[in-house]
Each structure stands twice: as C-alpha cells, then as structure tokens.
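Student: My questions all concern the structure below.
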Amino acid sequence: MITANSLFNIEAITNILEQKCTAGLGLIGGKMGLALFYFTLPPEYHQRGYELLDHISDHIMEVDNASFSNGLAGIGWGIEWTVQKEFLSANTDDILQDLDDELYKKLVYAYATHISLSDGSLSQGMYFTSRLKSRNFKTHRFNQVVHQESIFLIVEEIAEALSTESGKLEALLEPGKAAGYNTLIDIAQSLLFFSNLSSVNLKYVLINETIYYIIGFIEKFFETAFKYLSDPRAYAACVYLAYAQYYTGDRYNFDIWKKRALLHFDQIIGNVNFSITDLMEDSGYLCAAYTFSLYGWAVASERKDAAALLDTLVQDAADNESIHADLLLQSVIYQMLQCVDPLNCKAFSSDILLMR
C-alpha cells in the first residue's frame with residue numbers, strides 16, 4: 001500500500017489528479033481510475049474513492065462505448081477489482097451481467113480490428129479474465145462458460161493477429177524495419193496477458209504455443225532489429241517488452257527467460273539515454289508502460305540500475321506536476337492490470353518511487 005511517507009505530498013498529487021482525471025468516467029485518466037487510485041492510499045482516502053464510484057453509478061448510462069481505456073469494459077474491470085479486493089460487497093454477476101452479454105456478442109459476431117489494450121482484443125481479454133476470477137457465491141455455470149469461452153475466442157484472435165496478420169512479428173525482424181512503440185507495447189501486453197492466464201487454470205494449448213512464439217520473437221528482435229531503432233519511445237517500449245519476458249519467466253519458473261530478459265535490459269540501458277520529454281511527447285500510455293516496467297525490474301530483480309533509471313525519470317518529471325501525477329496514476333493502473341498488486345507490493349513503500 002502507498003503509505004503517507006511514500007510521497008512528498010499526497011494532497012498535492014490528488015489535487016492535480018482531481019483536476020485532470022474527472023472529466024470522464026473511464027479507467028485510464030477518468031473517474032474509475034482515480035477511484036482505484038484512492039483505494040491504494042491509506043484508509044483515510046478511501047471515502048473519496050467511494051464517492052467517485054457512486055458518481056459513476058449515477059452516470060453510467062452516459063458512457064457510449066465499450067472500450068477498456070474510457071468505456072464500459074474498463075469500468076466493469078474496475079468494479080470487479082474493488083469487489084475482489086473487498087472494498088465493495090456486491091455480486092458482480094448481477095451488476096455486470098448486461099456488460100458480459102454485450103461484450104460476448106461483440107466477440108462472437110465480429111473480430112476486433114486490432115489487439116490494443118485500449119479498445120482491442122486485449123481490452124476484452126482483461127475484462128473477461130477478471131470476471132473469471134470473480135468470487136461470487138454460487139456463480140451460475142452459464143456465466144463461467146461464457147467467461148471461459150470468451151477468453152478462448154480472445155486467445156485465438158490475438159494469436160492469429162500476431163502470427164498471420166501480414167507476418168506481423170516476422171516483418172519486424174527485417175533489416176531496416178523500424179518497429180513502432182505501439183506495436184512493441186501491444187506485443188508486450190499480449191505476452192503479459194497470456195502469462196497471466198495461468199492464474200485462471202485454463203487448459204488450452206494455444207496459450208503456451210503463443211507464449212513460446214512471442215518469447216522466440218523477443219530473442220530474435222534483440223539479436224537483429226533492435227539495432228535499427230531510432231525513436232527513443234521505441235527504445236522505451238523495448239524495456240516493457242523485456243520486462244514482459246522477465247515476468248513470464250517468473251510466472252512459469254523458467255530462469256533462462258529471466259536471465260535472457262536481464263541481458264536485454266542491459267542491452268537497452270547500455271545504448272539509450274531516456275528523456276521524460278521524449279517519452280511524454282505523444283503517449284501517456286507509453287510513459288506509464290515504461291515506468292511500470294522499470295518499477296517491475298527494480299522490485300522483481302532488485303536491480304539498482306533500474307531503480308536509478310526510474311528515479312531519474314521521476315526527478316525529470318518533478319518540475320511538471322501534471323506529468324508527475326499522471327506518471328503515478330497510470331503506473332498504479334498498469335500494475336493492477338498486470339496483476340502486480342499495489343496493495344501488497346513492497347515497492348510502494350520503498351524508496352524506488354519517492355516523489356521528491
């Protein structure tokens with residue numbers, strides 16, 4: 001849990017977030033994300049989280065899309081999270097039944113046009129994975145079947161997109177091919193999503209096949225295409241890509257994947273100087289992904305170089321309070337999405353993320 005001593009001024013940060021993150025109701029940059037942030041703070045801040053949840057409930061009919069970043073899927077994921085963490089006492093099968101039905105129909109009748117976490121296949125995957133983990137009393141078998149079938153369909157959709165969409169991954173290995181940061185982040189988040197499916201005990205051979213396929217791509221990418229990168233944001237996305245490999249190795253107890261990921265991390269920081277201005281220029285998502293992955297390195301592998309790089313990033317942001325606050329909020333949300341629990345994560349009370 002974030003403690004009162006973890007941040008230089010929690011009040012200052014929450015004031016900034018109240019100004020920037022209350023225009024919409026969504027998870028990323030909206031009231032749902034802000035509510036979850038309050039629940040990671042000490043108990044005296046939780047009441048504001050409940051007030052935001054009440055507001056979301058009163059205005060939910062105003063949300064006109066089902067995306068994860070600012071639509072119903074993200075809000076539903078947030079509701080499931082608050083119930084599973086026992087901040088709310090409710091039956092999410094009752095609350096989210098209509099959303100389950102709507103998203104299931106979207107899966108059955110049409111492929112997503114992309115795989116992004118914002119509003120693509122991963123968006124629906126994160127939602128249905130959280131629903132499958134629900135702890136409702138006497139969950140109806142029909143609901144479980146819908147959630148499992150939805151995840152199977154999403155797994156197939158992502159696997160097909162990565163392997164057959166114009167040779168998507170292989171094309172990134174071609175000499176002179178500049179991999180974009182959005183593509184690299186999509187790949188990293190796909191790997192994290194697939195590796196986290198081990199927590200719901202789904203026995204589907206395509207899950208492991210895709211994990212091995214992505215890990216194989218990562219190895220080839222750092223051997224070949226990495227040297228062609230020029231965009232600093234793409235380098236930052238590589239940190240996230242390497243972290244996804246490390247995280248997956250940790251989940252599956254494959255030390256070789258963890259060791260290789262650490263070598264990739266050394267390769268990145270040995271070649272690149274990162275700038276907060278460069279990282280924030282086009283994409284707050286990227287900055288959150290980069291911050292989260294550095295955060296993960298520092299915690300999981302206790303690497304001082306990762307902690308130092310993260311500290312430099314935070315220091316660079318200190319003069320711009322809006323970026324400062326956004327970094328924190330988005331990093332919290334990313335940790336929640338990747339199952340690094342901010343309520344139990346030691347790094348939240350460590351010196352790694354001190355907001356000086």
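The rows are residues; the columns are (1) in contact with a Lys or Arg (Cβ under 7 Å, 6 or more places away or on another chain); (2) among the aliphatic types (A, V, I, L, M); (3) not in a loop (DSSP other than H, G, I, E, B).
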position: PHE137; (1), (2), (3): no, no, no
position: VAL145; (1), (2), (3): no, yes, yes
position: GLU157; (1), (2), (3): no, no, yes
position: LEU173; (1), (2), (3): yes, yes, no
position: ASP186; (1), (2), (3): no, no, yes
position: GLN189; (1), (2), (3): no, no, yes
position: PHE193; (1), (2), (3): no, no, yes
position: LEU206; (1), (2), (3): no, yes, yes
position: PHE217; (1), (2), (3): no, no, yes
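Student: When both residues are 6+ apart or on different chains and their Cβ atoms are under 7 Å apart, which pairs have a first residue that lies in the range 21-36 and is over 14 Å from MET126 (Cβ atoms), and a second that is aliphatic (A, V, I, L, M) and outside any helix (DSSP H, G or I)?
Tutor: Qualifying pairs under 7 Å: LEU25/VAL63; LYS31/LEU25.
Results for (1) surrounded by fewer than 20 Cβ atoms within 10 Å (Cβ to Cβ); (2) out of contact with any Leu (no Cβ under 6 Å at 6 or more places or on another chain); (3) in a loop (DSSP other than H, G, I, E, B), shown as yes or no for each residue.
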site	(1), (2), (3)
ASP64	yes, yes, yes
ASN70	no, yes, yes
VAL108	yes, yes, no
PHE128	no, yes, no
ILE151	no, yes, no
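Student: Name the one entry in SER134, SER116 that is in contact with a helix residue (DSSP H, G or I) (Cβ under 7 Å, 6 or more places away or on another chain), polar (S, T, N, Q), in contact (Cβ under 8 Å) with a residue 60 or more places away in the chain and open to solvent by 10 Å² or more (accessible area, probe 1.4 Å). Let's see the steps before the verdict.
Tutor: Details: SER134 fails: in contact (Cβ under 8 Å) with a residue 60 or more places away in the chain.
Just a single option satisfies the conditions, and that option is SER116.
Every residue, every condition in (1) at pLDDT below 80; (2) within 17 Å of ILE115 (Cβ to Cβ), yes or no:
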| position | (1), (2) |
| --- | --- |
| LYS168 | yes, yes |
| PRO175 | yes, no |
| ILE185 | no, yes |
| TYR212 | no, no |
| PRO232 | yes, no |
| TYR252 | no, no |
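Student: Consider SER230 carefully, then state whether it is surrounded by fewer than 22 Cβ atoms within 10 Å (Cβ to Cβ) and either among the small types (Gly, Ala, Ser) or under 19 Å from the mean Cα position of the chain (by Cα) (or both).
Tutor: Values: surrounded by fewer than 22 Cβ atoms within 10 Å (Cβ to Cβ): yes; either among the small types (Gly, Ala, Ser) or under 19 Å from the mean Cα position of the chain (by Cα) (or both): yes.
Yes; evaluated as a whole, the condition is true for this residue.
Student: Taking the criterion of being open to solvent by 30 Å² or more (accessible area, probe 1.4 Å) and under 18 Å from the mean Cα position of the chain (by Cα), would at least one residue in the range 22-34 satisfy it?
Tutor: yes
Student: Also, quick follow-up: Please specify each residue of the range 192-227 satisfying the condition of being closer than 16 Å to LEU173 by Cβ, open to solvent by 20 Å² or more (accessible area, probe 1.4 Å) and out of contact with any helix residue (DSSP H, G or I) (no Cβ under 7 Å at 6 or more places or on another chain).
Tutor: Initial filter on the range 192-227 (closer than 16 Å to LEU173 by Cβ): 213-227.
From what is left, the residues that are open to solvent by 20 Å² or more (accessible area, probe 1.4 Å) are 213, 216, 219-220, 223-224, 227.
Passing the criteria: GLY216, LYS220, GLU223, THR224, LYS227.
The values are calculated or read from the model by the stated rules, or taken from the named source; none is laboratory data. Computed from a prediction, not measured in an experiment: that's the story for all the values here. We place every Cβ from the backbone using ideal geometry, glycine too, and count neighbours over all the protein chains shown. For accessibility, only protein heavy atoms count, side chains too; no ligands or nucleic acids. Shrake-Rupley method; radii C 1.70, N 1.55, O 1.52, S 1.80 Å.
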